[in-house]
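Input: a single structure, listed below in structure tokens.
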Amino acid sequence: MHDLRMHPRRVKSMAALALLPVVAWATNAPPLTLVRSIPLPEVRGRIDHMSLDRDKGRLFVAALGNDSVEVVDIADGTALKSITGLPEPQGAVFIRDEASSRLYVACGGDGTLRVFDAESYKRLETIKLGDDADNVRLDHPHHRVLVGYGGGALGIVDINSNRIAGRVVLAS
């Protein structure tokens with residue numbers, strides 16, 4: 001594992017990126033409009049983060065209150081699959097590379113990051129992070145996934161090995 005420290009220039013770059021949504025909002029872009037509603041009648045409770053597979057038109061929806069991830073065909077407007085038995089799925093990120101396509105799901109109920117084959121939906125790995133695993137982001141250039149968990153920490157997972165490559169405890 002690596003001890004990761006933030007270089008001041010990187011912190012400034014991250015702060016600038018955080019302001020991009022504010023700048024976009026201030027440009028008077030047209031508002032979002034509803035194009036389609038896709039019912040998920042079997043889902044109870046609230047949903048959380050989502051991730052898109054653009055190539056196949058699938059949306060992966062973390063259905064936190066339902067303990068599932070719902071796979072939706074956005075072109076047809078239908079539910080394709082429900083991946084069940086996930087304790088409070090909160091974050092999801094879809095990754096496609098030359099060799100495979102995978103879905104990473106952060107489960108707040110048991111503090112794990114679960115890795116699925118995105119074609120068969122078979123679970124490949126379960127990675128224990130810590131309490132309340134939540135938001136998941138892809139760091140594509142570095143081949144890793146960043147997962148927020150606990151009272152302010154990031155787990156860094158190498159997507160080539162699906163092993164923890166580092167942890168960062170954020171100052172409170």
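The values are calculated or read from the model by the stated rules, or taken from the named source; none is laboratory data. Nothing here was measured: the structure is a model prediction, and the numbers come from that model. Methodologically, a virtual Cβ is constructed for each residue, glycine included, from the backbone with ideal geometry; neighbour enumeration extends over all protein chains shown. Note: areas computed on protein heavy atoms with side chains; ligands, DNA, RNA excluded. Shrake-Rupley method; radii C 1.70, N 1.55, O 1.52, S 1.80 Å.
Side notes on the structure shown:
- Where a residue in the range 74-94 is closer than 21 Å to Val35 by Cβ and its partner, wherever it lies, is open to solvent by less than 60 Å² (accessible area, probe 1.4 Å) and of a type in the set (A, V, I, L, M), with Cβ under 7 Å and at least six apart: Ile74/Leu59; Gly77/Ile38; Ala79/Leu40; Ala79/Val72; Leu80/Val71; Leu80/Val72; Phe94/Leu103; Phe94/Ala118
- Residue tally, condition crowded, with 21+ Cβ neighbours inside 10 Å and in a loop (DSSP other than H, G, I, E, B), over the range 109-129: 3
- Scanning the range 51-66 for residues being in contact with a strand residue (DSSP E or B) (Cβ under 7 Å, 6 or more places away or on another chain) and surrounded by 17 or more Cβ atoms within 10 Å (Cβ to Cβ) gives a total of 9.
Quick grid of which residues meet (1) at pLDDT below 90; (2) within 25 Å of Asp132 (Cβ to Cβ); (3) in contact with a Cys (Cβ under 6 Å, 6 or more places away or on another chain); (4) among the charged types (D, E, K, R):
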| site | (1), (2), (3), (4) |
| --- | --- |
| His2 | yes, yes, no, no |
| Arg10 | yes, no, no, yes |
| Leu17 | yes, yes, no, no |
| Leu34 | no, no, no, no |
| Ile47 | no, yes, no, no |
| Gly65 | no, yes, no, no |
| Val71 | no, yes, no, no |
| Thr78 | no, no, no, no |
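- The range 121-149 residues that are under 12 Å from Asn162 (Cβ atoms) and among the polar types (S, T, N, Q), paired with ones that are assigned to a strand (DSSP E or B) and open to solvent by less than 30 Å² (accessible area, probe 1.4 Å) (beta carbon under 8 Å, 6 or more apart): Thr126/Thr112; Thr126/Leu113; Thr126/Arg114; Thr126/Val115
- For the range 84-108, taking the residues that are among the small types (Gly, Ala, Ser) and outside any strand (DSSP E or B), the one that is least open to solvent (accessible area, probe 1.4 Å) is identified as Gly108.
- Test: Gly130 is closer than 22 Å to Ala63 by Cα and modelled with pLDDT under 95: yes
- Meets criteria (at pLDDT 95 or above and under 15 Å from the mean Cα position of the chain (by Cα)) for Asp110: no
- Positions within the range 130-160 being part of a loop (DSSP other than H, G, I, E, B), open to solvent by less than 50 Å² (accessible area, probe 1.4 Å) and more than 15 Å from Ala92 (Cα to Cα), in sequence order: Gly130, Gly150, Gly152
- In the range 79-87, the count of residues that are more than 20 Å from Ser161 (Cβ to Cβ) and touching a Pro at 6+ places or on another chain (Cβ under 9 Å) is one or more.
- So Lys81, is it basic (Lys, Arg) and either assigned to a strand (DSSP E or B) or under 15 Å from Phe116 (Cα atoms) (or both): yes
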